[in-house]
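Notes for the one structure printed next.
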Amino acid sequence: QVQSVESGGGLVQPGGSLRLSCAVSGSIFSIKVMGWYRQAPWKGRELVAVITAGGNVDYGDSVKGRFTISKDNAKNTTYLQMTSLKPEDTAVYYCKNWVVVTAGDGYLEVWGQGTLVTVSS
């Protein structure tokens, strides 16, 4: 079974930094896109950042210049480096991976379980 497993959430003060990780586990052929979304209380889920297999990246407007997405292909892992954190960044962060399990098949969208990031003094 293919899974996305997140780690790295926690409590951080405003202005601080935190790094999230998301590893894809299970037998797969390739990963087309790796991404991060977040959902704050009483709000819808929004895009944070995505990175394609070729290394192209895109960010949500609210995190541009502060967050950086990267990946380690050998480990099937994506990272989200968050800096200059603000209270409004408080949310549950989810990773989402577009995974090809078998060559020639379509892709699966595999969500992680979510990790809570709280920015507060």
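The values are calculated or read from the model by the stated rules, or taken from the named source; none is laboratory data. In this text, all values refer to a predicted model and were calculated from it rather than measured experimentally. When we count neighbours, we look across all protein chains shown, and the Cβ atoms used for this are built from the backbone with ideal geometry, even at glycine. Accessible surface is based on the protein model in full, side chains and every heavy atom, while ligands, DNA and RNA are left aside. Shrake-Rupley method; radii C 1.70, N 1.55, O 1.52, S 1.80 Å.
Mind listing whichever residues of region 68-77 are open to solvent by less than 40 Å² (accessible area, probe 1.4 Å) and more than 15 Å from Leu18 (Cβ to Cβ)?
Taking region 68-77 and keeping what is open to solvent by less than 40 Å² (accessible area, probe 1.4 Å), we get 69, 77.
If the condition is that a residue be open to solvent by less than 40 Å² (accessible area, probe 1.4 Å) and more than 15 Å from Leu18 (Cβ to Cβ), then Thr77 is the only one that fits.
Only one of Ala74, Ala23, Ala40 is within 11 Å of the chain's Cα centre (by Cα) and of a type in the set (A, V, I, L, M, F, W, C); which? Write out each step before concluding.
Working: Ala74 fails: within 11 Å of the chain's Cα centre (by Cα); Ala40 fails: within 11 Å of the chain's Cα centre (by Cα).
Answer to the check: Ala23.
Looking only at residues that are under 13 Å from the mean Cα position of the chain (by Cα) and more than 18 Å from Ser21 (Cβ to Cβ) in region 43-58, which one is least open to solvent (accessible area, probe 1.4 Å)? Spell out how you get there, then give the answer.
We begin by selecting, within region 43-58, every residue under 13 Å from the mean Cα position of the chain (by Cα); these are 45-52, 57-58.
Right, trim to more than 18 Å from Ser21 (Cβ to Cβ) and you get 45-47, 52, 58.
On the way: Arg45: 106, Glu46: 76, Leu47: 60, Thr52: 43, Asp58: 78 Å².
Here the answer is Thr52.
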Residues being open to solvent by less than 70 Å² (accessible area, probe 1.4 Å) and assigned to a helix (DSSP H, G or I) - total across region 88-121: 1
Those residues of region 49-92 which are in contact (Cβ under 8 Å) with a residue 60 or more places away in the chain and at positive phi amount to Ser84
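Determine whether Trp36 is open to solvent by less than 60 Å² (accessible area, probe 1.4 Å) and more than 22 Å from Thr102 (Cα to Cα). Walk me through how you get there before you give the answer.
On the way: open to solvent by less than 60 Å² (accessible area, probe 1.4 Å): yes; more than 22 Å from Thr102 (Cα to Cα): yes.
So Trp36 fits the description; yes.
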Of (1) closer than 30 Å to Gly106 by Cα; (2) surrounded by fewer than 20 Cβ atoms within 10 Å (Cβ to Cβ); (3) not hydroxyl-bearing (Ser, Thr, Tyr), Pro14 satisfies all except one. Which? (1)
Give the residues of region 93-104 that are farther than 11 Å from Leu20 by Cβ and in contact (Cβ under 8 Å) with a residue 60 or more places away in the chain, sorted by residue number. Lys96, Asn97, Trp98, Val99, Val100, Val101, Thr102, Ala103
